[in-house]
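Heads up: the structure comes next, in structure tokens.
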Amino acid sequence: YKIVYSELLYDNVTMFKNKDEKWGVLSSNKKFGLFNFYDFLIKPIYNSVGFNKDFKLIEAVKYENNIWNQDNNTYFYFDLNGKLIWKSEKGESVQIDKLGNILLNRANKIGILNKDFTQRTETKYQRLNALNTSYFKAFQYGKYGIINNDDIIILDFEFEDILNFIEKNKVIVKKNDNYYSFDFDNNSLTELPFTKILNASSNTYKAPS
């Protein structure tokens, strides 16, 4: 295999692309003088390869007919020894968010996986975003609610919006054009005296038009 690109992922683990535009992963098994000798950790049969530093997992993707399509791709996760941890079925994909939650998308419905990629919750939500390591903002049937990571409903699905962060164990929610503060400690809603509240962003403080 003629290697046209390579990049060190972790210690002695290197991903590479060959002349056929296929990606694989090598492991350095010994050194002789100035030269390293490598074995295939993952053979170059994939259309792309990536690395999750937090989980120390290698993600490899095969495209159907070598054409990217999220619904038709097959996703693979390997550990640093090249052991296959998880492989998607057709129509499945996985996202690992910045808090380390593993979200499974199956036929445009989202659920949560455990750290070992076993299923934790059903894939039934249209949108799912982590508020912290315990709670998720979920969207279903046109309304937002809050669940915990065991899929127990904390706040019913009757809200037009829920802001994306928790402060002092409270989150701001919107219902019938009114804003409330939801307190996770006592499951209470307190109405707020505001007509518009925005999620923080680079232009949050621009005057509304």
Subset tally (residues that are under 14 Å from N149 (Cβ atoms), basic (K, R) and outside any loop (DSSP other than H, G, I, E, B)) for region 97-115: 0
Filter result (under 18 Å from I172 (Cα atoms), open to solvent by less than 60 Å² (accessible area, probe 1.4 Å) and not basic (K, R)) within region 113-141: L128, A130, L131, N132, S134, Y135, F136, A138, F139
Scope region 142-155; condition open to solvent by 50 Å² or more (accessible area, probe 1.4 Å) and closer than 19 Å to N169 by Cβ; matching residues: D150, I152, I153
Region 116-136: number of residues that are closer than 16 Å to N148 by Cβ and under 14 Å from the mean Cα position of the chain (by Cα): 7
Among (1) surrounded by fewer than 14 Cβ atoms within 10 Å (Cβ to Cβ); (2) modelled with pLDDT under 95, the one test that L9 misses: (1)
Search result, residues across region 74-104 that are out of contact with any Phe, Trp or Tyr (no Cβ under 9 Å at 6 or more places or on another chain) and open to solvent by 40 Å² or more (accessible area, probe 1.4 Å): N81, K83, E89, K90, Q95, K98, L99
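Does D71 fit the bill of being part of a loop (DSSP other than H, G, I, E, B), over 15 Å from the mean Cα position of the chain (by Cα) and surrounded by 15 or more Cβ atoms within 10 Å (Cβ to Cβ)?
In short, no.
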Test: residue in region 41-48 that is part of a loop (DSSP other than H, G, I, E, B), of a type in the set (S, T, N, Q), out of contact with any Gly (no Cβ under 9 Å at 6 or more places or on another chain) and open to solvent by 40 Å² or more (accessible area, probe 1.4 Å): no
From N52, N105, residue being within 30 Å of F165 (Cα to Cα), within 12 Å of the chain's Cα centre (by Cα) and in contact (Cβ under 8 Å) with a residue 40 or more places away in the chain: N52
All positions within region 156-189 that are polar (S, T, N, Q) and open to solvent by less than 80 Å² (accessible area, probe 1.4 Å): N164, N169, N178, S181, S188
Residue pairs meeting the criteria (Cβ under 8 Å; at least 6 apart or on separate chains; first of a type in the set (D, E), in region 115-129; second part of a strand (DSSP E or B) and modelled with pLDDT of 95 or more): D116/I85; E122/G111
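The values are calculated or read from the model by the stated rules, or taken from the named source; none is laboratory data. Just so it is clear, the model here is predicted, and its values are computed rather than measured. As a convention, Cβ positions derive from the backbone with ideal geometry for all residues, glycine included, and neighbour counts pool all protein chains shown. Heads up: the accessible areas ignore ligands, DNA and RNA and are worked out on the full protein's heavy atoms, side chains in. Shrake-Rupley method; radii C 1.70, N 1.55, O 1.52, S 1.80 Å.
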